[in-house]
Every structure is written in C-alpha cells, then in structure tokens.
Amino acid sequence: MKRTGPRGAALLLEIVVGLLIILFVVLVVGSIFPTSYQGSLQAARMSAAVNLARQVLERQKLASPAIAIGNQTVDSEFLVQGRPAVCRFVYRLDADSAANSDPRLWKVTVQWEHTGKIKEVFLVGAMPGQ
C-alpha cells in the first residue's frame, strides 16, 4: 500500500475548497434571479400605474362638467420577463385646487399591492377652467 502523505491530503483539501467556492457562487447567482424578477415586477406595476393615471387625467380633460370620481378598480395584465402578470389598481381622482381657479388642478392617486405592502403613485394635472 502506498501512503498519500501530506501532498495527497493537501490536494484533497484544495478540491473540497474549490467545490465549496463553486457551490457558493452558484447559490449567489441563483438567489439574484428571484430578486431581479420582483424588481422587474415592481417596475412594470409602477409603469402601468403611471399610464393609468395619465389616461384618467386625459379623460378628465374631456369631462363636462368636470367632477371628481370616487374609487375605481382596474385589473391590468402585462408581461414581466416573459411571464404573464396581473395587477389590480385602485384609483381616485380629486380636485387639487379651488373650483374657481384657472387652471384647475386634478390629482390622481393610484394604489396597488406589492409583496404585501400598498404602493401608490400620485399624478397632478392642470385643466383650463370651465
């Protein structure tokens, strides 16, 4: 029988340490993907909320007489990293200035849920007095 000696033990130790480093790198890279998806999902929801607020303000410009609308709910579907996602937005439109001011300011508040927390975006737009 041949003895492995200190060189054989050092080689075995180097192989084990090398495999541990590779395992650590794979785990770190693997943990980045769910975080990346959550960030992309939040960005997509924020973008959809801003677009919804813009649409509401544009619709308000055409409304006659201009009155505030209460809470409305909209379900929106979009793709995030190739996966379909659905989000429920709740919005409301409020006058943000006096009724006789010119221009009249309207504020749209859009809310949605993300990871158990309520997120919201505000958009204010000016419309000429009626």
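Tabulated values for the structure
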quantity	calculated
Number of the condition not met by residue 98 [criteria: (1) exposed (fewer than 13 other Cβ atoms within 10 Å of the Cβ); (2) over 26 Å from residue 128 (Cβ atoms)]	(2)
Strands (runs of 3 or more DSSP E) contained in segment 17-130 and holding at least 1 residues touching a residue at least 60 places away in the same chain (Cβ under 8 Å)	104-114, 117-127
So residue 44, is it surrounded by 14 or more Cβ atoms within 10 Å (Cβ to Cβ), in contact with a Ser or Thr (Cβ under 6 Å, 6 or more places away or on another chain) and closer than 18 Å to residue 113 by Cβ	no
Residue check for residue 86: surrounded by 13 or more Cβ atoms within 10 Å (Cβ to Cβ) and under 20 Å from residue 121 (Cβ atoms)	no
Matching residues, segment 1-16, being open to solvent by 40 Å² or more (accessible area, probe 1.4 Å) and in a helix (DSSP H, G or I)	6, 7, 9, 10, 11, 12, 13, 14, 15, 16
Pick from segment 101-115, criterion at pLDDT 90 or above and open to solvent by 40 Å² or more (accessible area, probe 1.4 Å), ranking: nearest to the chain's Cα centre (by Cα)	113
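The values are calculated or read from the model by the stated rules, or taken from the named source; none is laboratory data. Being a predicted model, the structure only gives us computed values, none of them experimental. Quick reminder, even Gly has a Cβ in these numbers, built from the backbone with ideal geometry, and neighbours come from all protein chains shown. Ligands, DNA and RNA are excluded from the accessible area calculation, which covers all protein heavy atoms including side chains. Shrake-Rupley method; radii C 1.70, N 1.55, O 1.52, S 1.80 Å.
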